[in-house]
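Worksheet for the structure shown next.
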Amino acid sequence: MTNNLDDIFSPDRLRRSWQQDEVAAERKDERAAEAQETATPLAVFQRLRGRIQERFPGEQGQPLAVLLNEVEEKLLRRFPQTDDMEASEKDKAALNKEIGMLLNEIEDLAEALEL
C-alpha cells in the first residue's frame, strides 16, 4: 500500500500536474483576453455578418446583405469610433430600437430563406 501512495504523491508526478495546471491557466487567460477584444458590438456584428454570408451566399443572401448594411450603419452611429460623434441618450434609445427591429427582420428573413 505504501508503494502506491508513494507513487501517487511522488514529487515528480505532482510536479507534472502542477505544470499542466499552470499551462492551462495561461491558456485560459489568453482566451479571456481574446474574448474581451472580440466582445465589442461591432466585432460581434462582424462575426454575425460572416456567418450569415457563409449560410446565404450570392443572390440568396442579397436581401440580408442590405439589412446588414443598415444595421452596420446604425451600430456605427450608436457606438462611434471617436468621441466627437457621441450620440445623445435620446438618439441612443432610438438607435437601439431601430437596431433591434432590423435584427428581428434579419432573423425572420433568414428563417424564411431556410424553408
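The values are calculated or read from the model by the stated rules, or taken from the named source; none is laboratory data. Given the structure is predicted, the values throughout are model-derived calculations rather than measurements. Here the Cβ positions follow ideal geometry from the backbone for every residue, glycine too, while neighbour counts run over all protein chains shown.
For this structure, a couple of remarks:
- For PHE56, the requirement of being at pLDDT below 90 and not charged (D, E, K, R) is not met.
- Search result, residues across the stretch 76-92 that are surrounded by 11 or more Cβ atoms within 10 Å (Cβ to Cβ) and either out of contact with any Pro (no Cβ under 6 Å at 6 or more places or on another chain) or more than 15 Å from VAL44 (Cα to Cα) (or both): LEU76, ARG77, ARG78, PRO80, ALA87, ASP91, LYS92
- Counted residues, the stretch 63-113 - those being under 21 Å from the mean Cα position of the chain (by Cα) and touching a residue at least 40 places away in the same chain (Cβ under 8 Å): 4
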